[in-house]
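Peer 1: Below is the structure I would like to discuss, written out as structure tokens.
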Amino acid sequence: MKIVSRIYPFIILIAGLMIMASCTESTAVADNLDQELRYFDIYVGANYSDAVPEASGLYYIENKEGSGEMTSDSSWVLVNHVSYMIPSEDVYETYIESVAIDNRMQDTSALYGPFKMQNGTMNQGFTEGLNMMREGGEATFMFTSELGYGSTNTGDLPAYSSLKYEVVLLEILGDDIEAYEAAKIVAYTDTIAEVETAFDTIDNVNMYYVIDDSTDGPPVAIDSTIKVAYKGYLTDGRVFDESADGSGITFTVGDPESGIIVGWQLGLENFKEGEKGRLIIPYQLGYGSYGQYTPMGNVAIPPYETLVFDVEVLSVYPEDDEDEHPDPEE
């Protein structure tokens, strides 16, 4: 009984401290939200005095009416957008290169231009705003952190941040992005004369290649070491990577540790030393459904993206001739 009597007051003390901490935390949250709302209302009143909020609290201002279809909660879209913090109007995200440069936030490894995304993957306010747009339209969305990222610090975005988005809805790609990309790569290759296919039995998908300049050089084969000069771009022409003049990348064909995408491994087996051509690679043999991101967290390769590479096979060294040839990097 003595042990119980000593522990019981201690439990009461701990419970009391926990209640006090919870009350203090709730008060801090309420204070942060009140301060955020006060600044938000001042900003909207000063800059958009005629704006009327939606029931959710979103302010939606149509700058240009679109004439195409409307999005759904899961539509894939191409947009141009600039994201601002309110009330400072500091830009915290954009894929418009001139805006990134002007705001000293350019990421030289990022892919600038139309931003490919699935609606519903950003935040509640953006999703609601995008669902009110038609293809070809332009609009401004504004909302507090309750429709944004709340009390969470997100990258360079502090907690309790009110947000403004300037959005141009360029194209609605549809809900089935896989079907969209399959149709896109077929339409793209249909315009290329003498295009050939290579079939990947693991992913059960075709890729495409074209040999523009043929030679009688040694063929590329599994286990041969090759050096390739290249330029990689999307089907809309945006370049995402290329080798410097006179240089290239060296790797062993078929080596799973090389880090080379499957589309390169499969496509280049149809080339010979000295040949130039193109590889048209579906997302399954490229960077997949996730894409690739820069060290700063920006998109370098969009998700579900068809890739095109101009390639030149600079050298081919078969495995059994390693002792007769110098290192291709030398």
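Peer 1: Name the residue, out of 223, 236, that is in contact (Cβ under 8 Å) with a residue 12 or more places away in the chain, part of a loop (DSSP other than H, G, I, E, B), closer than 30 Å to residue 118 by Cα and out of contact with any His (no Cβ under 7 Å at 6 or more places or on another chain).
Peer 2: Details: 223 fails: closer than 30 Å to residue 118 by Cα.
Just one listed residue meets the conditions, 236.
Peer 1: Can you pull out the residues in region 182-230 that are within 16 Å of residue 311 (Cα to Cα) and acidic (Asp, Glu)?
Peer 2: 196, 212, 213, listed by residue number.
Peer 1: Within the bounds of region 106-116, is there any residue that is at positive phi and modelled with pLDDT under 95?
Peer 2: The answer is no; no qualifying residue exists.
Peer 1: Still on this model: Out of curiosity, is residue 63 of a type outside the set (A, V, I, L, M, F, W, C) and either under 26 Å from residue 234 (Cβ atoms) or buried (at least 16 other Cβ atoms within 10 Å of the Cβ) (or both)?
Peer 2: No: the conditions fail for residue 63.
Peer 1: Here are the criteria: (1) assigned to a strand (DSSP E or B); (2) within 22 Å of residue 318 (Cα to Cα). Tell me which single one residue 199 does not satisfy.
Peer 2: So residue 199 meets the others, but not (2).
Peer 1: May I ask you to list the residues in region 193-211 that are modelled with pLDDT under 95, surrounded by 12 or more Cβ atoms within 10 Å (Cβ to Cβ) and over 27 Å from the mean Cα position of the chain (by Cα)?
Peer 2: none
Peer 1: Going by what's in this entry, would residue 71 be described as more than 24 Å from residue 155 (Cβ to Cβ) and touching a helix residue (DSSP H, G or I) at 6+ places or on another chain (Cβ under 6 Å)?
Peer 2: Criteria met by residue 71.
Peer 1: Taking residue 258, is it over 18 Å from the mean Cα position of the chain (by Cα), within 28 Å of residue 116 (Cβ to Cβ) and open to solvent by less than 70 Å² (accessible area, probe 1.4 Å)?
Peer 2: Taking the combined requirement at face value, the residue satisfies it.
Peer 1: Scan region 104-112 and give yes if some residue there is part of a helix (DSSP H, G or I), open to solvent by less than 60 Å² (accessible area, probe 1.4 Å) and either out of contact with any Asp or Glu (no Cβ under 9 Å at 6 or more places or on another chain) or free of Cβ contacts under 8 Å to residues at least 60 places away in the same chain (or both), otherwise no.
Peer 2: So the first thing to find is which residues in region 104-112 are part of a helix (DSSP H, G or I), and the list is none.
Taking every residue of region 104-112 in turn, none turns out to be part of a helix (DSSP H, G or I), open to solvent by less than 60 Å² (accessible area, probe 1.4 Å) and either out of contact with any Asp or Glu (no Cβ under 9 Å at 6 or more places or on another chain) or free of Cβ contacts under 8 Å to residues at least 60 places away in the same chain (or both).
Peer 1: Residues of region 185-196 being part of a loop (DSSP other than H, G, I, E, B) and among the hydroxyl-bearing types (Ser, Thr, Tyr), which ones?
Peer 2: 191
Peer 1: Restricting the search to region 151-184, which residues are buried (at least 17 other Cβ atoms within 10 Å of the Cβ) and either of a type in the set (Phe, Trp, Tyr) or assigned to a loop (DSSP other than H, G, I, E, B) (or both)?
Peer 2: 160, 161, 165, listed by residue number.
Peer 1: List the pairs whose first member sits in region 67-84 and is at positive phi, whose second member is open to solvent by less than 40 Å² (accessible area, probe 1.4 Å) and modelled with pLDDT of 95 or more, and whose Cβ atoms are under 9 Å apart, counting only residues at least 6 apart or on separate chains?
Peer 2: none
Peer 1: While we're here: Scan region 22-60 residue by residue and report those that are in contact (Cβ under 8 Å) with a residue 12 or more places away in the chain, within 16 Å of residue 147 (Cβ to Cβ), among the aliphatic types (A, V, I, L, M) and open to solvent by 60 Å² or more (accessible area, probe 1.4 Å).
Peer 2: 37
Peer 1: Checking the structure you have, find out if any residue of region 319-329 is part of a loop (DSSP other than H, G, I, E, B), at pLDDT below 95 and open to solvent by less than 30 Å² (accessible area, probe 1.4 Å). If you could, list the steps in order and put the result at the bottom.
Peer 2: Within region 319-329, the first condition is being part of a loop (DSSP other than H, G, I, E, B), and the residues that meet it are 325-329.
Cutting the leftovers down to at pLDDT below 95 gives us 325-329.
Those left that are additionally open to solvent by less than 30 Å² (accessible area, probe 1.4 Å): 328.
Scanning region 319-329 turns up at least one residue that is part of a loop (DSSP other than H, G, I, E, B), at pLDDT below 95 and open to solvent by less than 30 Å² (accessible area, probe 1.4 Å).
Peer 1: Would you mind finding the one in 186, 167, 205 that is of a type in the set (A, V, I, L, M) and without any contact (Cβ under 8 Å) to a residue 40 or more places away in the chain?
Peer 2: Result of the check over 186, 167, 205: 186.
Peer 1: Out of 100, 159, which single residue is among the hydrophobic types (A, V, I, L, M, F, W, C) and in contact (Cβ under 8 Å) with a residue 24 or more places away in the chain?
Peer 2: Just one listed residue meets the conditions, 159.
The values are calculated or read from the model by the stated rules, or taken from the named source; none is laboratory data. In this text, all values refer to a predicted model and were calculated from it rather than measured experimentally. FYI the Cβ positions are ideal-geometry reconstructions off the backbone, even for glycines, and counts take in every protein chain you see. The accessibility values were calculated without ligands, DNA or RNA, using every heavy atom of the protein model including side chains. Shrake-Rupley method; radii C 1.70, N 1.55, O 1.52, S 1.80 Å.
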